[in-house]
Amino acid sequence: MENMVNVKINGIAVSVPKGSTILEAARAAGVEIPTLCYLKEINEIGACRICVVEATGARGLVAACVFPVAEGMEVRTNTPAIQKARKTTLELILSMHDKRCLSCVRSQDCELQKLCHDLGVEYTGRFEGYTPKYEIDESAPHLVRDNNKCILCRRCVAVCNQQYVSVIGANDRGIHTHIGTPFEKPLDEVPCISCGQCTVVCPTAALVEKDDTDKVWEALADPTKHVVVQAAPSIRVTLGECFGMPIGTNVEGKMAAALRRLGFDKVFDTNFSADMTIVEEATEFIERVKNNGVLPMITSCSPGWVKFAELYYPELLDNLSTCKSPQQMMGAIIKTYYAKKNNIDPKDIVSVSVMPCTAKKFEIGREHESAAGVPDVDIAITTRELARMIKMAGIDFVNLPDEDFDNPLSDDTGAAVIFGATGGVMEAALRTANDLLTGKDNDAIEFKEVRGTAGLKEAVYNIAGMEVKVAVASGAENANYVMSRIKDGTADWHFVEIMGCPGGCINGGGQPLQPASVRNFTDIKALRSKALYDQDASMAIRKSHKSPAVKAIYEEFFGEYGSHKAHEILHTKYTARPKYK
Amino acid sequence: MQKKISNLPFKGTAEQEKRLKEVIETYRDDPSRLMTVMQEAQEIYGYLPIEVQKMIADGMNIPLEKVYGVATFYAQFSLSPKGKYNIGVCLGTACYVKGSGDIFNKISEKLGIGADECTEDGKFSLVATRCIGACGLAPVMTVNEDVYGKITVDDIDKILEKYND
């Protein structure tokens, strides 16, 4: 086979495709090489020197993560010289690192800590010298930046660049090099979209979500408060990872059980409001088409994406659907419909959401998101924070029984479940729009062209005799591409779905952390989204407008889809934001 | 060193902006010319404040952080304006062993500014230079194009008095 290369890794013969790196070849031979800065398809710069190996034909030690194999190459991955080089590198990194691991949020899932442990580093302090003290940046509602824990691997810089915005980068040089913003501004004064992808790739605790669990504990302990919680579609297929379960395990029932055991008065499912989003959004789309409204209409579920649009394309905000996101719709319904029905003062409700997303922490503080005169949602926590709470409460998550959510705000459909993956909102909206426009119950349920984890997908569908051109983008770079096409007039789409994070919510900035050793060899996005599509396929009702709970709330409370009342409670407005303050 | 960011108000003129825009127009389609544009911008304004870096970032469609990263990486770029009189104190080896460190500190104390800073009235700025090749005159300081050699701490007041206009 001419496209294969034969190499030996620690004496083990293996044949790998031409162009493979030593790291990949070693993996094929069953040999694991430690890495630190390397993150496949994100940060491939061979800078940290942890993955160094000996290879025939190469001078000195080479970085296995980027060094390509050649025919007949023999590689050694664990000689005393290599061990010494790796340990010295780690000691040098540690000499400038804030080593207070005992009280660090990343303790036990810190990649630096694990490497030091696995490689048996003995920290002697022999390189102790200049140790700068960096101010911790807590200015933004969604994350905390602590450069004292930064090891300058640049994964965050790379992912922020892939997310188009590049609000963080390496500033100054030499020993003063640090990851920072332009002119060292606080994070809430630069055009960060709050996507949190940097927190997902950071190997240490230099970038972490802002922990709001204390606020939740406080609310749960307050007998005067009615504390309700909602969990987003994608959480059920990721939460299990925090408890050692395989990637792509659906833990919906255990999650509901865990939330109840934490003491929430009501446990609701954001899937319900995802269905609400679809009927409102499909109705809005049909109205725009019929009344020559602004097209393409773009979905507005992802607050990272919405913030991106407000910062970078303020002139195109009329293209965004005015529908609130499912989180905010649920919050608004809880504090209006649910509060009234149960005779609770909205001010006494603490509404908590569990989201795959750090931008949701920004979204709850947005303008025009207070249907009952108080914020629709009070506290947004991420999947990781929920896992932290479950652990703190001593709940044996893996062995929990399956329980249901509380009604009435939890009934859902397959359409809502797939919201968590890129293309899911589009597919759900098409299922409903098709039925609403044709006035019948169509068999066409699966719109497979918009599925899959690709960053940009396009398709054309015939809906009620009309040719509907759609596009689905995920990741801010693809969002930028779509917006630039709309801006320069070269786009002919009618309907566009955009998610701020690559792959959609299943890969959101608040999702469980998987170390590079897993990410480099596993398609996490595909595994997580498969679990969502599997659940969709298994459900009896797969169209949002067929949800009994949705039908009931319109009959009882909202009236028609897109009614005046629905607009007051379920829709919002957008604000052009300056990039720099 | 970490670069000092000046908080003196930006005093760019329309004429300067016009010149910078012409430079950006020339190189806007080639991101590899970012440094060229930054060098020209520093020629025009004397330094690279956020207002200037934003014009470059927007004009060349490069994120501001990337421009700032380059500005702070290279010693040639300054984030502080130069005063009407830019004082350079040579901290090269020969000058340093002859006591230029004390001279630098004295000037710094007298003007109330540190390295790479400018007085609030815009009159004096202070730079610690590397060897300027006048070791025979060590220790050496410069004020714009004027060179003062073999100076002592006691000469400082007299030298600065010459620049009182």
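This table checks each residue for (1) of a type in the set (A, V, I, L, M); (2) buried (at least 24 other Cβ atoms within 10 Å of the Cβ); (3) in contact with a Lys or Arg (Cβ under 6 Å, 6 or more places away or on another chain).
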residue: A:G373; (1), (2), (3): no, no, no
residue: A:M392; (1), (2), (3): yes, no, no
residue: A:P401; (1), (2), (3): no, no, no
residue: A:F405; (1), (2), (3): no, yes, no
residue: A:P408; (1), (2), (3): no, no, no
residue: A:V417; (1), (2), (3): yes, yes, no
residue: A:G424; (1), (2), (3): no, yes, no
residue: A:L437; (1), (2), (3): yes, no, no
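A:I168 - would you say it is within 30 Å of A:V398 (Cβ to Cβ) and touching a strand residue (DSSP E or B) at 6+ places or on another chain (Cβ under 6 Å)? Here the answer is no, as A:I168 does not meet what is asked.
For (1) among the basic types (K, R); (2) touching a strand residue (DSSP E or B) at 6+ places or on another chain (Cβ under 6 Å); (3) in the same structural domain as B:V143 (by TED's automatic domain parsing), each residue gets a yes or a no:
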| position | (1), (2), (3) |
| --- | --- |
| B:S32 | no, no, no |
| B:Q42 | no, no, no |
| B:Y45 | no, no, no |
| B:I50 | no, no, no |
| B:P63 | no, no, no |
| B:S80 | no, yes, no |
| B:T93 | no, no, yes |
| B:I103 | no, yes, yes |
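Failed condition for B:C90, given (1) open to solvent by less than 40 Å² (accessible area, probe 1.4 Å); (2) modelled with pLDDT under 95; (3) away from chain A (no Cβ under 14 Å), with all others met? With respect to (1) open to solvent by less than 40 Å² (accessible area, probe 1.4 Å); (2) modelled with pLDDT under 95; (3) away from chain A (no Cβ under 14 Å), B:C90 is out only on (2). Tell me the strands (runs of 3 or more DSSP E) entirely within segment B:110-165 that contain at least 1 residues that are in contact (Cβ under 8 Å) with a residue 12 or more places away in the chain, in contact with a Ser or Thr (Cβ under 9 Å, 6 or more places away or on another chain) and not acidic (D, E). In segment B:110-165, the matching strands (runs of 3 or more DSSP E) lie at B:124-129, B:141-143. Count of segment A:59-115 residues, restricted to those that are in contact with a Ser or Thr (Cβ under 7 Å, 6 or more places away or on another chain) and among the β-branched types (V, I, T), is 2.
Taken as a whole, segment B:95-106 holds no residue that is at pLDDT below 95 and open to solvent by 60 Å² or more (accessible area, probe 1.4 Å).
Taken across segment A:349-356, residues that are in the same structural domain as A:G509 (by TED's automatic domain parsing), hydroxyl-bearing (S, T, Y) and surrounded by fewer than 24 Cβ atoms within 10 Å (Cβ to Cβ) do not occur at all. What residue, among those in segment B:75-85 that are at pLDDT below 95 and away from chain A (no Cβ under 13 Å), is farthest from A:V190 (Cα to Cα)? The qualifying residue farthest from A:V190 (Cα to Cα) is B:K84. The set of residues from segment A:37-51 being in a loop (DSSP other than H, G, I, E, B) and either on the phi > 0 side of the Ramachandran plot or among the hydrophobic types (A, V, I, L, M, F, W, C) (or both) comprises A:C37, A:E41, A:I42, A:I45, A:G46, A:A47, A:C48, A:R49, A:I50, A:C51. Has segment B:65-74 got at least one residue that is more than 12 Å from chain A (Cβ to nearest Cβ) and in a helix (DSSP H, G or I)? No, because not a single residue in segment B:65-74 is more than 12 Å from chain A (Cβ to nearest Cβ) and in a helix (DSSP H, G or I). Count of segment A:148-162 residues, restricted to those that are within 18 Å of the chain's Cα centre (by Cα) and away from chain B (no Cβ under 11 Å), is 5.
Being touching a Cys at 6+ places or on another chain (Cβ under 9 Å), farther than 30 Å from A:V306 by Cα and within 14 Å of chain B (Cβ to nearest Cβ), is that true of even one residue in segment A:133-140? For segment A:133-140, residues touching a Cys at 6+ places or on another chain (Cβ under 9 Å), farther than 30 Å from A:V306 by Cα and within 14 Å of chain B (Cβ to nearest Cβ): present. Exactly one residue out of B:A57, B:A41 is within 14 Å of chain A (Cβ to nearest Cβ) and either among the hydrophobic types (A, V, I, L, M, F, W, C) or part of a helix (DSSP H, G or I) (or both): that is B:A57. A:H176 satisfies every condition listed in (1) at positive phi; (2) open to solvent by 10 Å² or more (accessible area, probe 1.4 Å); (3) at the interface with chain B (Cβ under 8 Å from one of its Cβ atoms) except (1).
Here's the yes/no breakdown for (1) assigned to a helix (DSSP H, G or I); (2) open to solvent by 30 Å² or more (accessible area, probe 1.4 Å); (3) over 19 Å from A:I247 (Cα atoms); (4) outside the structural domain of A:P191 (by TED's automatic domain parsing):
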position: A:G510; (1), (2), (3), (4): no, no, no, yes
position: A:L513; (1), (2), (3), (4): no, yes, no, yes
position: A:F521; (1), (2), (3), (4): no, yes, no, yes
position: A:K530; (1), (2), (3), (4): yes, yes, no, yes
position: A:D534; (1), (2), (3), (4): yes, yes, no, yes
position: A:R542; (1), (2), (3), (4): no, yes, yes, yes
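For A:E91, indicate whether it is farther than 14 Å from A:N10 by Cβ and either in a helix (DSSP H, G or I) or more than 35 Å from the chain's Cα centre (by Cα) (or both). The answer is yes for A:E91.
Only residues that are within 14 Å of chain A (Cβ to nearest Cβ) and more than 21 Å from the chain's Cα centre (by Cα) were counted in segment B:1-38, giving 1. Of the residues screened, A:G169 is one that is within 28 Å of the chain's Cα centre (by Cα) and within 13 Å of another protein chain (Cβ to nearest Cβ).
The values are calculated or read from the model by the stated rules, or taken from the named source; none is laboratory data. In this text the structure is predicted, and so the values were computed from the model without any measurement. Don't worry about glycine lacking a Cβ; one is built from the backbone with ideal geometry, like all the others, and counts go over all protein chains shown. With ligands, DNA and RNA removed, areas are computed over all heavy atoms of the protein, side chains included. Shrake-Rupley method; radii C 1.70, N 1.55, O 1.52, S 1.80 Å.
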